[in-house]
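Following: one structure in structure tokens, then a few remarks.
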2 protein chains.
Amino acid sequence: MSNKKCEKDEDLLLSVICMSADPYLRSGCKTGEIPRPMSGFVVGKIIESKNKAWPVGSFMGAALPFSSLQLLNSEILAKTISWNLTEYVTEETATLGLGVLGMPGATAYGGFIDVLRPKKGETIFVSSAAGAVGSMVGQLAKNIYDCHVIGSCGGAEKNKLIKEKFGFDGAIDYKAVTGGAEELAKKIKESSAAGIDMYFENVGGMHFEAAMACLKAHGRVAICGCISRYNDASGAAPLNKIDISQMIYSFQRIEGFVCMPWLGGAKGAFLKEMSAWHKQGKVGCEQCIFEGIETWPDAFQSLFMGANLGKVCIKM
Amino acid sequence: MSNKKCEKDEDLLLSVICMSADPYLRSGCKTGEIPRPMSGFVVGKIIESKNKAWPVGSFMGAALPFSSLQLLNSEILAKTISWNLTEYVTEETATLGLGVLGMPGATAYGGFIDVLRPKKGETIFVSSAAGAVGSMVGQLAKNIYDCHVIGSCGGAEKNKLIKEKFGFDGAIDYKAVTGGAEELAKKIKESSAAGIDMYFENVGGMHFEAAMACLKAHGRVAICGCISRYNDASGAAPLNKIDISQMIYSFQRIEGFVCMPWLGGAKGAFLKEMSAWHKQGKVGCEQCIFEGIETWPDAFQSLFMGANLGKVCIKM
């Protein structure tokens, strides 16, 4: 099957069980670049080990190349992010480590809990609300912080899902918004006349401007993603407009972040808390599973067609 | 002189010693509005009192109407912000309470210490660097946090001042910048090739865009003022452009604030720390003093002509 072997201290052999396809990978694929293996988030099982932290049978989440069997040494392990899923998943539930217990979960957790710093009963607006991250932000806001939760996503099916399955109070079909940021802001205010305390930004463009137009005093915006710009090879997609003077007397804050500090354990208690909330049925992540490594390109492309509901995983 | 008298509990009679003229007041003066007394920051002495917190002889800083003698009751005191300067000023040094120990000092202190959260040796860019707030931010950055400090202000005289008197490492004459944000960013990088960790925003416009273009990972922007928009009665002054996607992987933060929490004592230890730093010669505030209440309009207008250096005060 393979001639890979653990030889040095800390070496380990990882058998990858599943891989993730995520929008952010798009910005790493520039046309004309020298080909190299795609990397991303994977979950695997340790099948050979000279590493005390990772005995045989452990489950690892990590950012690694998309290949089925990997010999990892101390140098590789030091350079990549990894998290120990042994207490939390089995071979059958390994895809949880790509969702609620992986990058999207850590993104929702870190961005909502530590960047937005919610107070009970506040109002939040979430874009890409039917996606893995957005839907978990909505669930945390609703089920842990009792927030008024407004989501935006594209199409009737997704809008139905976020209300019925994830408990959003308001759902806005952004594809039906033809009047830009102004119309979107009006729709947000139809769900919360006083505006919003928090905005979880996944898309950019008119969503950002509409959210800023609705943002209350002491409002916070967490910039998590900007999918509207990822496919813009020309760099010509319009920048956002902002009136920074609105932020002064209102003490408003805009903050960018990625999941790494929470996923890697430097901040917060991500695995422990999210796993508990998941078991209590308070937060979950829809999965859209493709079977076989050869389905990766289709799985990836599906992210940009607005076709999927939830986290896209590819099982080996 | 007056028929005002303290009659009820908590009443006090304040004799105003000096008043402040500040750019932010511009946005409160709309053409065509029903006339009302201007209000702003004043320092005065308590000359009669039924208020235990403010015995006769106390010095009060407060936001109040610009009138020489004021009877304040508990209702007025509850609605306005005030701070107790008795330990820190005398009749002769009362104008300190409009500068280093007043709104500009609390703005510099709160914005720099608590909003920007500096680390020793970081690089900061400050706009309106010769102004009361900007010059104090520069001094705090240089003398307390050993930062590399770059300032922007208009004209050779001010640029000389911030380097020679306030110890700025780099000084940029924004009036000589004809190529917009791009040229300004280039000038910032001439002083710090690696960019900036912090930006203290007083003006908006090209300064904001240049600062964002130079902002390093984990960079912070404190939005304190936006003087470029205050005189824009039409609302037609162009908004800023922003690429929010630059903030994601870099964990950048933009945050608006005003001085009230620090000035009123809800946050930090403003009076105690700034007064100590002032006595140690680490932070001070240039004063431009007009004599007589009738000079207020001239004093105010001078703020927008780029004529003054430092805090504009009017002595009664």
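The values are calculated or read from the model by the stated rules, or taken from the named source; none is laboratory data. Computed from a prediction, not measured in an experiment: that's the story for all the values here. Positions of Cβ are backbone-derived with ideal geometry, glycine not excepted, and every protein chain shown enters the neighbour counts.
What is the one condition in (1) exposed (fewer than 15 other Cβ atoms within 10 Å of the Cβ); (2) in contact (Cβ under 8 Å) with a residue 24 or more places away in the chain; (3) within 27 Å of B:LYS267 (Cβ to Cβ) that B:CYS18 does not satisfy?
(1)
Can you name every residue in segment A:212-227 that is within 11 Å of chain B (Cβ to nearest Cβ) and among the aliphatic types (A, V, I, L, M)?
To start, the set of residues in segment A:212-227 that are within 11 Å of chain B (Cβ to nearest Cβ) comprises A:212, A:215, A:217-227.
The answer is A:MET212, A:LEU215, A:ALA217, A:VAL221, A:ALA222, A:ILE223, A:ILE227.
Pick from segment B:187-202 the residues that are assigned to a strand (DSSP E or B) and under 20 Å from the mean Cα position of the chain (by Cα): which of them is farthest from B:VAL177 (Cα to Cα)? Steps first, answer last, please.
Taking segment B:187-202 first, the residues assigned to a strand (DSSP E or B) are B:196-201.
Then drop every residue that is not under 20 Å from the mean Cα position of the chain (by Cα), which leaves B:198-201.
Details: B:MET198: 21, B:TYR199: 18, B:PHE200: 19, B:GLU201: 17 Å.
The extreme case among them is B:MET198.
Kindly list, by first and then second residue, each pair from a residue in segment B:272-290 that is on the phi < 0 side of the Ramachandran plot to a residue that is surrounded by fewer than 18 Cβ atoms within 10 Å (Cβ to Cβ) and in a loop (DSSP other than H, G, I, E, B), limited to pairs with Cβ atoms under 8 Å and residues at least 6 apart or on different chains.
That search, which allows pairs on different chains as well, returns B:SER275/B:GLU87; B:TRP277/B:ILE144; B:LYS282/B:ILE144; B:VAL283/B:ILE144; B:GLU286/B:LYS165.
Does B:VAL126 fit the bill of being outside any helix (DSSP H, G or I), buried (at least 19 other Cβ atoms within 10 Å of the Cβ) and within 14 Å of another protein chain (Cβ to nearest Cβ)? Give the steps one after another, and end with the answer.
Working: outside any helix (DSSP H, G or I): yes; buried (at least 19 other Cβ atoms within 10 Å of the Cβ): yes; within 14 Å of another protein chain (Cβ to nearest Cβ): no.
Answer is no for this residue.
Here is a list: A:PHE112, A:PHE125, A:PHE59, A:PHE66. Which entry is at pLDDT below 95, at negative phi and either under 18 Å from the mean Cα position of the chain (by Cα) or not charged (D, E, K, R) (or both)? Spell out the reasoning first.
Details: A:PHE112 fails: at pLDDT below 95; A:PHE125 fails: at pLDDT below 95; A:PHE59 fails: at pLDDT below 95.
After ruling out the rest, the residue left standing is A:PHE66.
Tell me which residues, restricted to segment A:247-276, are within 30 Å of B:VAL258 (Cα to Cα) and more than 14 Å from every other protein chain (Cβ to nearest Cβ).
Matches in segment A:247-276: A:GLY268 only.
Pairs under 7 Å by beta carbon, first residue under 14 Å from A:LEU25 (Cα atoms) and in a helix (DSSP H, G or I) in segment A:218-247, partner β-branched (Val, Ile, Thr) and modelled with pLDDT of 80 or more, six or more apart or different chains?
Pairs found: A:ILE227/A:VAL203; A:SER228/A:VAL203.
List pairs: first in segment A:136-164 and among the hydrophobic types (A, V, I, L, M, F, W, C), second surrounded by fewer than 17 Cβ atoms within 10 Å (Cβ to Cβ), Cβ under 7 Å, 6+ apart or cross-chain?
Close Cβ pairs satisfying both conditions: A:ILE144/A:LYS282; A:CYS147/A:GLY121; A:ALA156/A:ASP173.
If I ask for residues that are in a loop (DSSP other than H, G, I, E, B) and either at pLDDT 95 or above or not assigned by TED's automatic domain parsing to the domain that holds B:VAL126 (or both), which ones from segment B:203-217 would you list? Can you show your working first?
Restricting attention to segment B:203-217, the residues satisfying the condition of being in a loop (DSSP other than H, G, I, E, B) are B:203-205.
Passing the criteria: none in range.
Output the number of residues of segment B:176-211 satisfying the condition of being farther than 11 Å from B:SER127 by Cβ and in contact (Cβ under 8 Å) with a residue 40 or more places away in the chain.
Within segment B:176-211, the first condition is being farther than 11 Å from B:SER127 by Cβ, and the residues that meet it are B:176-183, B:185-187, B:189-198, B:209.
Checking which are in contact (Cβ under 8 Å) with a residue 40 or more places away in the chain leaves us with B:191-192, B:194-198.
Going through segment B:176-211 one residue at a time, the tally reaches 7.
For A:GLY167, indicate whether it is closer than 24 Å to A:PHE257 by Cα and either touching a Lys or Arg at 6+ places or on another chain (Cβ under 6 Å) or small (Gly, Ala, Ser) (or both). Working first, answer last.
On the way: closer than 24 Å to A:PHE257 by Cα: no; either touching a Lys or Arg at 6+ places or on another chain (Cβ under 6 Å) or small (Gly, Ala, Ser) (or both): yes.
Criteria not met by A:GLY167.
Since B:ASP243 meets every condition but one in (1) more than 27 Å from B:PHE304 (Cβ to Cβ); (2) away from chain A (no Cβ under 12 Å), which condition does it not meet?
For B:ASP243, the exception is condition (2).
I need the full set of residues from segment B:54-66 which are surrounded by fewer than 20 Cβ atoms within 10 Å (Cβ to Cβ) and under 18 Å from B:THR90 (Cα atoms), in order please.
B:PRO55, B:VAL56, B:GLY57, B:SER58
With segment B:41-105 as the region, which strands (runs of 3 or more DSSP E) entirely inside it contain at least 2 residues that are polar (S, T, N, Q)? Explain how you work it out, then say what you get.
Working: elements: B:59-65, B:69-72, B:82-84.
Per the criteria, B:82-84.
From the list A:LEU239, A:LEU309, A:LEU271, which one is under 21 Å from the mean Cα position of the chain (by Cα) and at pLDDT below 95? Can you show your working first?
Values: A:LEU239 fails: under 21 Å from the mean Cα position of the chain (by Cα); A:LEU271 fails: at pLDDT below 95.
Exactly one residue qualifies, and that residue is A:LEU309.
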